[in-house]
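The values are calculated or read from the model by the stated rules, or taken from the named source; none is laboratory data. On a predicted model such as this, the values are computed, not experimentally measured, just so you know. Quick reminder, even Gly has a Cβ in these numbers, built from the backbone with ideal geometry, and neighbours come from all protein chains shown. Quick note on the areas: whole protein, heavy atoms, side chains included, nothing else; ligands and nucleic acids left out. Shrake-Rupley method; radii C 1.70, N 1.55, O 1.52, S 1.80 Å.
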Amino acid sequence: MATKRHAHTVWEGNLTEGKGTVSLDYSGLGSYEVSWPARSEEATGRTSPEELIAAAHSSCYCMAFSGALAKGGTPPTRLTAKAEVTFVPGTGITTVHLTVEGEVPGIDEGTFLKTAEEAKANCPVSKALAGTEITLTASLVTS
């Protein structure tokens with residue numbers, strides 16, 4: 001069954017001097033201030049669309065990777081993923097780089113890396129960002 005989630009933003013003022021508030025309506029987890037300087041300069045206590053995309057991508061990627069590993073018979077103990085979204089003013093979002101470290105008992109490095117790449121390709125957020133170059137660095141952590 002399809003699900004729908006929603007958020008909304010209220011913006012006041014022009015692009016460079018204005019500011020807004022994005023609210024996570026569905027979960028009710030909070031509201032966050034957004035601004036152009038937070039997007040193109042320093043955050044100074046505000047977020048940006050790119051940071052929100054990075055949060056969505058890193059969490060979605062962990063879910064996709066975890067599911068793929070479990071399907072292959074080697075569920076992870078722990079996955080830590082970071083998404084770095086590059087925004088170029090006047091151009092837009094140009095790249096996303098995913099970095100993942102995984103603790104996965106019973107898997108060899110080759111299978112881990114192959115599954116990491118497959119998860120990147122099959123992650124719903126990766127698919128939604130299909131017009132953006134997405135790269136990946138994956139590391140298997142062994143104890």
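Which residue out of Thr111, Thr91, Thr74 is more than 25 Å from Thr3 (Cβ to Cβ), touching a residue at least 12 places away in the same chain (Cβ under 8 Å) and open to solvent by 30 Å² or more (accessible area, probe 1.4 Å)? Among Thr111, Thr91, Thr74, only Thr111 is more than 25 Å from Thr3 (Cβ to Cβ), touching a residue at least 12 places away in the same chain (Cβ under 8 Å) and open to solvent by 30 Å² or more (accessible area, probe 1.4 Å).
When Leu52 is tested against (1) open to solvent by 30 Å² or more (accessible area, probe 1.4 Å); (2) over 22 Å from Glu118 (Cα atoms); (3) of a type outside the set (S, T, N, Q); (4) out of contact with any Phe, Trp or Tyr (no Cβ under 9 Å at 6 or more places or on another chain), only condition (4) is not met. Here Leu129, Leu113 are screened, and the one residue that is within 30 Å of Gly18 (Cα to Cα) and at pLDDT 95 or above is Leu129. On inspection, Phe65 fails the criterion of being touching a helix residue (DSSP H, G or I) at 6+ places or on another chain (Cβ under 7 Å) and either open to solvent by 80 Å² or more (accessible area, probe 1.4 Å) or closer than 25 Å to Glu41 by Cα (or both). Mind listing just one residue for me: the one in the stretch 118-143 that is under 29 Å from Thr3 (Cα atoms) and surrounded by fewer than 14 Cβ atoms within 10 Å (Cβ to Cβ) and, of those, farthest from the chain's Cα centre (by Cα)? Only one residue tops the list, namely Gly131. For Arg39, the criteria (1) open to solvent by less than 90 Å² (accessible area, probe 1.4 Å); (2) farther than 27 Å from Pro124 by Cβ; (3) modelled with pLDDT under 95 hold in every case but one, which is (2).
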